[in-house]
Amino acid sequence: RKQENLFLNYTIVEEVSKTALPNATVIVTDEFGTKLTETQSDNNGKIKLALEPLTFYNVEVNKEGYETKKLNIATGDTEKNIALTQKKAVVTDDAIVIENIYFDFNKSTVKKESELSLNKIVEVLTNNANMSITINAHTDSKGSETYNQKLSESRAKAAYQYLLKKGIPASQLTYKGYGESELLEKCEKCTASQDQANRRIEFKIIK
């Protein structure tokens, strides 16, 4: 009779801070490269995998803003953290580009994983003391315009305050909320991913 699968929990974390990383895509393949399962880490960065005893699996972990991680896992592993390395911010002519900054629905507190993202902005501004940026926050189109305007202002301000707390001088920073006035996805009945695309913060370089 076939041995029972073992259910193993792993946590996806950022390698330096060990902060848990939600919404990382985890693809498990067998030794022949056949895809067995694809899952996403939950809000606490956790994934649960059903593995056969004494078998090796290839795992690939992808998350926006992070290097792709490839590793082997087996049921006997004692290390249950899978650590991802942050990519650097990309500086273009007119913006500092990073992955999306996440907030809880209807809230303006910066999520732990997004503090890591904002640290990329800190790094660029620290290394370029003469650069100044504006933090522009945008919401999705759900809710009233007035409400979204206020929400975007408080989100832009939350990012601004985080950068100040990290030692960036106020002279390098301004912030503004745009509410739902500049939607990337103009849709009547927006999907979750369209809403997500509209909820964004842009770090524009002021010339």
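What a 1.4 Å probe finds exposed on region 1-65 is 49% carbon and sulfur by accessible area, rounded to a whole percent. Summing Lys and Arg as +1 and Asp and Glu as -1 over all other residues whose Cβ lies under 13 Å from the Cβ of Ser132 gives a net charge of +1. Were the residues from Thr126 through Thr92 laid out at 0.36 nm apart, the gain over their Cα-Cα distance would be 10.6 nm. In region 87-139, the convex hull through the Cα atoms has an average projected area of 4.1 nm², a quarter of its surface area.
Every helix of 4 or more DSSP H residues in the chain counts as -39500 (n - 2.57), and over all residues that averages to -7000 deg cm²/dmol at 222 nm. Charge tally around Ala89: other residues with Cβ under 11 Å, Lys/Arg +1 each, Asp/Glu -1 each, net +1.
Across the cross-link table entries Lys142/Lys166; Lys18/Lys107; Lys157/Lys189; Lys35/Lys88, which are compared at the Cα atoms, the separations over 27 Å belong to Lys142/Lys166; Lys157/Lys189; Lys35/Lys88.
Entry comment: accessible area of the chain is 57 Å² per residue, from protein heavy atoms only and a probe of 1.4 Å. Where a Cα-Cα gap under 15 Å defines reach, which aspartates and glutamates qualify for Lys87, not counting those fewer than 8 residues away within the same chain? Cα-Cα hits under 15 Å: Glu14, Glu15, Glu64, Glu67, Glu99, Glu113, Glu115, Glu123. For region 143-207, the equivalent ellipsoid derived from the Cα gyration tensor has semi-axes of 26, 12, 10 Å, listed largest first.
Using alpha carbons only, the radius of gyration of the chain set against its Kirkwood radius gives Rg/Rh = 1.06.
The values are calculated or read from the model by the stated rules, or taken from the named source; none is laboratory data. A quick note: this is a predicted structure, and the numbers were derived from the prediction, not measured. Here the Cβ is made from the backbone with ideal geometry for all residues, glycine too, and neighbour counts use every protein chain on show. Heads up: the accessible areas ignore ligands, DNA and RNA and are worked out on the full protein's heavy atoms, side chains in. Shrake-Rupley method; radii C 1.70, N 1.55, O 1.52, S 1.80 Å.
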